[in-house]
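Below you'll find the structure, written out as C-alpha cells, and then a few comments.
Derivation of every value follows stated rules applied to the coordinates shown; laboratory data play no part. Bear in mind the structure is a predicted one, so any value in this text is a computation, not a measurement. Cβ placement follows ideal geometry from the backbone for every residue including glycine, while neighbour counts extend to all protein chains displayed.
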Protein chains: 2
Amino acid sequence: MEFQLIERYFQRQAKRPEVVLGNGDDCALLQSKHTLAISIDTLVEGTHFLQSQIAPLDLGYRALAVNLSDLAAMGAKPLSFLLALTLPQNDQQWLTEFSQGLFSLADSFDCELIGGNITKGPLAITIQITGKLPTGKALKRSGAKAEDNIFVTGTLGVSPVRPTPRIDFAAGLLDLAHAAIDISDGLIQDLNHLAQASAVGASLVLPDIPCHEIEKALYRGEDYELCFTAPPESRAAIETLAKQTNTPLACIGKITTKQGIFDAQINQAILIKGYQHF
Amino acid sequence: MEFQLIERYFQRQAKRPEVVLGNGDDCALLQSKHTLAISIDTLVEGTHFLQSQIAPLDLGYRALAVNLSDLAAMGAKPLSFLLALTLPQNDQQWLTEFSQGLFSLADSFDCELIGGNITKGPLAITIQITGKLPTGKALKRSGAKAEDNIFVTGTLGVSPVRPTPRIDFAAGLLDLAHAAIDISDGLIQDLNHLAQASAVGASLVLPDIPCHEIEKALYRGEDYELCFTAPPESRAAIETLAKQTNTPLACIGKITTKQGIFDAQINQAILIKGYQHF
C-alpha cells in the first residue's frame, strides 16, 4: 500500500538534468558539478503543529518552506528533496491536500521530489533538501566580522503559517554578505549562534527590528526569515537586491568585537534565550 | 538544549574530502564528481520496533544499517548521512548508547554524520544517506533480462536485529549484475518490484532459498539482504566475489519473459504479498 500511496500522490517525472534517477528505486541518483547544500528538518504533530489548527494544504507548504529556509541561509538554490512521511492512517483527503500544498511550493522553486518513504505512526514530516552553490561559495555562520551591519528580512515574531523562503535574495547575497543564519528559534538565540561561530558579538538597535511585539521578535521561534551580516560597503547593493527581489529588509545593528548580544541604546547585554527543543 | 545534545552526542569532525562543511551550520556542504546515490528511511517506535525489545545500542546500529542496505542495492559506497531524531525526552543514557551503536557501524564504513536535528515527540529515527557511484553506473531495479540468474545474499526470513550491509560485495557487482533490490518487505514482494520495473517475470526454486522457514523467507520483511539478477556468464565471477567479501550467496531461480513470480518445481504462480505499510 505504501507503494500505491507514493505512486498516487508523490510520483513525479524527473526533469532537472542533475536528477539521473528519481523516485522508484532503492536510491535516487544525482550528478552535479556544484557544491551541494544539504539539510534535514522534521515537523512533529503536537510539538511543531496541531493538526486541528493547520490545514493539510498549509502543512505541506510549510514542511518544505522550513527546509527551503535552510538553503536560503547558505545562499543555495533548490535542487531536490526527499520526503519521509509518518501517518497514523491512510487518509486520501489529507494526502491529496498535503501533496498539493507541498508541490505548489516545490514547483515554484523547481525543487524536485526524488524519493522518500511513507510509514505508519504518529504524524510527522521529515524533509531532506538538497541545493546547489557555486563551488567554494556559501553564506556560513562563521564569516561575520566586526563593523558588519546586521540585517533581517521580513517581519519578526509573527511565526507565519506559510513562511516565504528568501531564496533569490539570499543567492544574490553570496558576493555581498559575510555570514547568515535563518531565524527558526528566535532572533537572539540564532544571532547568538552566528556570533559564537564567528567569535564576535552584536549590538542591536531594538526599535529598528521590524515587528509588532519586540519580545516575540527577540525570543519567539519559527519566523524562518534571514539574519545576515555584511560589510558597510555592501549596504547599497544589498538594498538594491532587496528591492529587485521584493524582500522586506531592515538593518538592525552592528557586529562588535566584544562578545555577547547588546542593546545599543542602553549599552546592556540582552538575555540570550529562545525556543527550547527539550 | 537541542544544540547541546547534538554537540555532546553527535558532533564529529568532517574527515572525507567530499565533506566541505559538516555539522553545525544551516546546511552541510558536499562536493563530489561522482554520481550520488540518495535514500531516506524511517524507523518508528510501535511500527518498526518496540523500545522494550531493542537496546538503544542495537537501534542505533539498525537505523543506519537499513539505510546502508539501500546504498548496497544500488552498488553505491557510503559517503555521509543526516540524522533526524525525534525523542520523547532528553535521556542521556539512551543517547549515549544509541550514538555508540550508530557510530560503530558508521565508522566501519567511513560514513560521516554531516548534519541533522533532534526534536521532541514520539520516538522515531529518520536517516538520509548519501553514497557514491562511478559516473553512469548503478544497480537499478529495471535492468533484469530473461535468462538472468536470480541470487540472494544471507539467510532470509530471520529479520536480524543487526542486518549486515552488503556494501563491498554490491560495489563489486556493478560490472557483473543487471539489476538489484534490497529485501525489506519480503522476497516475493521485493522481487516482484524488480520484475515489474524490468518488465519480466521470475521462476524460483524454493528449496534453493536459504532459510529456516520458507513462508517467512518469502513474505516476512526486514531481512535487508540483497536480491539481484545477473547473466549466466557472470556466475563464476560473482561466486568468487562472494567468497572474497565473505558474503553468503545462493542462486534461487531465473528471470523469465513471462511476467509474474512462479514456483519452478510445480510451474504455478506464487502469491504476491509482503509487508503492508498500511
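Taking the condition among the hydrophobic types (A, V, I, L, M, F, W, C), in contact (Cβ under 8 Å) with a residue 24 or more places away in the chain, closer than 18 Å to residue A:241 by Cβ and surrounded by 19 or more Cβ atoms within 10 Å (Cβ to Cβ), does residue A:218 pass? Break it down into steps so the answer makes sense when it comes.
Details: among the hydrophobic types (A, V, I, L, M, F, W, C): yes; in contact (Cβ under 8 Å) with a residue 24 or more places away in the chain: yes; closer than 18 Å to residue A:241 by Cβ: no; surrounded by 19 or more Cβ atoms within 10 Å (Cβ to Cβ): yes.
Against the criterion (among the hydrophobic types (A, V, I, L, M, F, W, C), in contact (Cβ under 8 Å) with a residue 24 or more places away in the chain, closer than 18 Å to residue A:241 by Cβ and surrounded by 19 or more Cβ atoms within 10 Å (Cβ to Cβ)), residue A:218 does not qualify.
Would you check which residues across segment B:118-148 are polar (S, T, N, Q), within 17 Å of residue A:85 (Cα to Cα) and buried (at least 23 other Cβ atoms within 10 Å of the Cβ) and list them?
Residues satisfying the conditions are B:126, B:128.
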Taking residue B:50 as the residue in question, decide whether it is of a type in the set (A, V, I, L, M, F, W, C), surrounded by fewer than 21 Cβ atoms within 10 Å (Cβ to Cβ) and touching an Asp or Glu at 6+ places or on another chain (Cβ under 6 Å).
no
Name the residue, out of A:217, A:170, A:237, A:177, that is more than 29 Å from residue A:62 (Cβ to Cβ) and out of contact with any Asp or Glu (no Cβ under 6 Å at 6 or more places or on another chain).
A:237
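So, in segment A:188-218, how many residues would count as being in contact with a helix residue (DSSP H, G or I) (Cβ under 7 Å, 6 or more places away or on another chain) and among the β-branched types (Val, Ile, Thr)? Full working, then the answer.
We begin by selecting, within segment A:188-218, every residue in contact with a helix residue (DSSP H, G or I) (Cβ under 7 Å, 6 or more places away or on another chain); these are A:188, A:193-194, A:197-198, A:201-202, A:206, A:209, A:211, A:214, A:217-218.
Narrowing the set further to residues that are among the β-branched types (Val, Ile, Thr) leaves A:188, A:209, A:214.
Residues in segment A:188-218 being in contact with a helix residue (DSSP H, G or I) (Cβ under 7 Å, 6 or more places away or on another chain) and among the β-branched types (Val, Ile, Thr): 3 in total.
Which fully enclosed strands (runs of 3 or more DSSP E) of segment A:195-278 have 3 or more residues being away from chain B (no Cβ under 14 Å)?
It comes to A:201-204, A:249-256, A:260-263.
Could you list, in sequence order, all residues of segment A:191-225 that are of a type outside the set (D, E, K, R) and within 18 Å of the chain's Cα centre (by Cα)? Quick ask: steps written out before the conclusion?
Restricting attention to segment A:191-225, the residues satisfying the condition of being of a type outside the set (D, E, K, R) are A:191-207, A:209-212, A:214, A:217-219, A:221, A:224.
The answer is A:191, A:192, A:193, A:194, A:217, A:218, A:219, A:221, A:224.
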Candidate set: segment B:108-134, residues that are in a loop (DSSP other than H, G, I, E, B) and within 20 Å of the chain's Cα centre (by Cα); chosen: the one farthest from the other protein chains (Cβ to nearest Cβ):
B:110
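Among the residues of segment A:177-194 satisfying the criterion of being closer than 18 Å to residue A:264 by Cβ and crowded, with 24+ Cβ neighbours inside 10 Å, which is nearest to the other protein chains (Cβ to nearest Cβ)?
Within segment A:177-194, the subset closer than 18 Å to residue A:264 by Cβ is A:187-188, A:191-192, A:194.
Remaining after also requiring crowded, with 24+ Cβ neighbours inside 10 Å: A:187, A:191, A:194.
Working: A:187: 15, A:191: 13, A:194: 10 Å.
If we take residues in segment A:177-194 being closer than 18 Å to residue A:264 by Cβ and crowded, with 24+ Cβ neighbours inside 10 Å, then A:194 is nearest to the other protein chains (Cβ to nearest Cβ).
Can you tell me which of A:100, A:93, A:89 is more than 26 Å from residue A:16 (Cα to Cα) and either in a helix (DSSP H, G or I) or in contact with a helix residue (DSSP H, G or I) (Cβ under 7 Å, 6 or more places away or on another chain) (or both)? Talk me through it step by step, then tell me what you get.
Working: A:100 fails: more than 26 Å from residue A:16 (Cα to Cα); A:89 fails: either in a helix (DSSP H, G or I) or in contact with a helix residue (DSSP H, G or I) (Cβ under 7 Å, 6 or more places away or on another chain) (or both).
On inspection, the qualifying residue turns out to be A:93.
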Can you tell me which residue in segment B:222-259 is surrounded by the fewest Cβ atoms within 10 Å (Cβ to Cβ), limited to those that are out of contact with any helix residue (DSSP H, G or I) (no Cβ under 8 Å at 6 or more places or on another chain) and of a type in the set (Gly, Ala, Ser)?
B:236
Only one of these conditions is not met by residue B:73: (1) free of Cβ contacts under 8 Å to residues at least 40 places away in the same chain; (2) crowded, with 24+ Cβ neighbours inside 10 Å; (3) under 23 Å from the mean Cα position of the chain (by Cα). Which number is it?
(1)
